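All remarks here apply to the structure that follows.
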């Protein structure tokens with residue numbers, strides 16, 4: 001099992017899901033469950049990746065699953081604060097653009 005943590009906090013009108021550690025196949029089901037729960041509880045879900053050190057295709061799959069679930073509910077999922085290898089994966093897959101938060105919200109996560 002990878003060193004991984006997903007913490008959720010609620011704010012008015014949104015939920016912030018803070019990810020830390022390494023997100024890989026062994027954490028995919030947990031991440032997907034956390035993201036889908038957040039999508040069902042709020043119109044806007046911000047996924048803070050500042051503490052995430054690794055993201056593979058399993059994590060990408062979870063983010064896309066959450067994106068589609070949010071879209072069906074007329075909600076949004078955003079990723080913020082990605083750096084290093086995690087930012088590179090998001091850029092390569094196009095998720096950096098697809099899940100880009102509005103500038104005014106990015107600074108407050």
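The values are calculated or read from the model by the stated rules, or taken from the named source; none is laboratory data. As the structure is a prediction and not an experimental result, all values here were calculated from the model. Cβ placement follows ideal geometry from the backbone for every residue including glycine, while neighbour counts extend to all protein chains displayed.
Brief remarks follow.
- When residue 19 is tested against the conditions (1) surrounded by fewer than 22 Cβ atoms within 10 Å (Cβ to Cβ); (2) on the phi < 0 side of the Ramachandran plot; (3) part of a strand (DSSP E or B), the lone failure is (1).
- Residue 49 being outside any strand (DSSP E or B), within 10 Å of the chain's Cα centre (by Cα) and surrounded by 17 or more Cβ atoms within 10 Å (Cβ to Cβ): no
- Only one of 34, 89, 60, 39 that is surrounded by 15 or more Cβ atoms within 10 Å (Cβ to Cβ), over 11 Å from the mean Cα position of the chain (by Cα) and part of a helix (DSSP H, G or I): 89
- Residue within the stretch 94-103 that is within 24 Å of residue 22 (Cβ to Cβ), crowded, with 20+ Cβ neighbours inside 10 Å and at pLDDT 95 or above present: yes
- Screening the candidates 20, 42 for the property of being in contact with a strand residue (DSSP E or B) (Cβ under 7 Å, 6 or more places away or on another chain) and under 18 Å from residue 73 (Cβ atoms) yields one hit, 42.
- Test: residue in the stretch 64-71 that is under 11 Å from the mean Cα position of the chain (by Cα), closer than 18 Å to residue 33 by Cβ and outside any helix (DSSP H, G or I): no
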